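For reference, the structure is listed below as structure tokens.
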Amino acid sequence: MSFASIAKRALAALTAGAALVSLAACGSQHAGSGDAGADKLEVVASINQWGSVAQALGGDLVDVTAIMTSTNVEAHDYEPTTGDIAAFSKADVAVVNGADYDPWASKAADGTKATLVDAAKAGGIKEGGNPHVWFSSKVRVATADAITAAYKKAMPEHQAQFDKLNKAWHEQSEALESKIKDASATLKGLPYAATESVAWYLADDLGMTDATPKGYATASANESEPSPADIKAFTDALASGSIKMLVFNSQESDSTTDYLTSAAKAADVPIVDLTEQMPKQYTDLLDWMTTLVGDFADAVR
């Protein structure tokens, strides 16, 4: 997914707003929101990546609903259903990605009782920046702490348990950071190119150098078709050996990416195949990131 597609996002946001108005009158009180007798907090996350973090940090004190859970769905084309909007109207805590990735979710949470956690804002990523912020170590940590703060605000009587869960999450995150550090010993400075800038933050954390030809990268960021010259520059770079790895987002494959992956194979350039959304075989964002770090390191061994 690129940084643009403003028109589609605007339409989705308007749809969310209209649905929210129709559902506002039927919203009911749920667990949390300062209710000391509540059993669980109702939590909704726009995407399963952040939903998994919300679950890990809440344990049996939360009931988490993730809206987008499939790698078959193109996030920038997603339009929420009335059921999706209803989930936000019932939530005590809402976790969105931000950075113009899921504006429909922020819109749906606006005006509800939910405490909003915006991952991009928590991690200091501004609107217009690369929106795939779950790949960033900095953003993951900041978002986890923001979620914990929201939980403690909603259920202050369970602060000690939320702190314990937060500590356990940080221990797992630190183990991932150790793997990233180890992998960067091999990958630091390695020039790579990407069919889309989905995993840019992860590659940056690994110390790699983005060598995606500028024309192609610009076209991809603007969701426009790369020119024949852009594609030739890409394949020439692969053939010359100046690109040492190709990062391929298989969730967004087409004839152009098929051509580029074929060119990479012909030039013996290793390919790291990943998706934008967390695959169904993973229920934990950190586990998925740990696997990807291994995939990056193994590709050049």
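The values are calculated or read from the model by the stated rules, or taken from the named source; none is laboratory data. These numbers come from a predicted model, not from an experiment. As a convention, Cβ positions derive from the backbone with ideal geometry for all residues, glycine included, and neighbour counts pool all protein chains shown.
Below are the figures for this structure:
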quantity	calculated
Checking Val43 against (1) among the β-branched types (Val, Ile, Thr); (2) part of a helix (DSSP H, G or I); (3) at pLDDT 95 or above, the condition it does not meet	(2)
Filter result for the condition that a residue is among the charged types (D, E, K, R) and surrounded by 24 or more Cβ atoms within 10 Å (Cβ to Cβ), over Asp92, Asp77, Asp100, Asp110	Asp92
Tally, over region 281-301, of residues that are over 15 Å from Val53 (Cα atoms) and assigned to a loop (DSSP other than H, G, I, E, B)	3
Set Val139, Val198, Val133: member being touching a His at 6+ places or on another chain (Cβ under 6 Å) and of a type outside the set (Phe, Trp, Tyr)	Val198
Within region 242-294, considering residues that are crowded, with 16+ Cβ neighbours inside 10 Å and of a type in the set (D, E, K, R), the one farthest from the chain's Cα centre (by Cα)	Lys244
Sole exception among (1) under 13 Å from Ala193 (Cβ atoms); (2) in contact (Cβ under 8 Å) with a residue 24 or more places away in the chain; (3) among the polar types (S, T, N, Q) for Gln251, by number	(1)
Index of the failed condition, Glu225 passing every other in (1) touching a residue at least 24 places away in the same chain (Cβ under 8 Å); (2) assigned to a helix (DSSP H, G or I)	(2)
One residue from Lys232, Lys280, Lys265 being under 30 Å from Gly123 (Cα atoms) and among the basic types (Lys, Arg)	Lys280
Per-region count, region 93-107, residues farther than 19 Å from Glu42 by Cβ and of a type in the set (Asp, Glu)	1
Elements of type helices (runs of 4 or more DSSP H) in region 53-155, at least 2 residues being without any contact (Cβ under 8 Å) to a residue 12 or more places away in the chain, over 15 Å from the mean Cα position of the chain (by Cα) and not assigned by TED's automatic domain parsing to the domain that holds Thr218	137-154
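Per-residue answers, yes or no, for (1) of a type in the set (Val, Ile, Thr); (2) under 25 Å from Ser253 (Cβ atoms); (3) assigned to a helix (DSSP H, G or I):
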residue: Gln161; (1), (2), (3): no, no, yes
residue: Asn166; (1), (2), (3): no, no, yes
residue: His170; (1), (2), (3): no, no, yes
residue: Lys181; (1), (2), (3): no, no, yes
residue: Tyr192; (1), (2), (3): no, yes, no
residue: Ser197; (1), (2), (3): no, yes, no
residue: Leu202; (1), (2), (3): no, yes, yes
residue: Gly207; (1), (2), (3): no, no, no
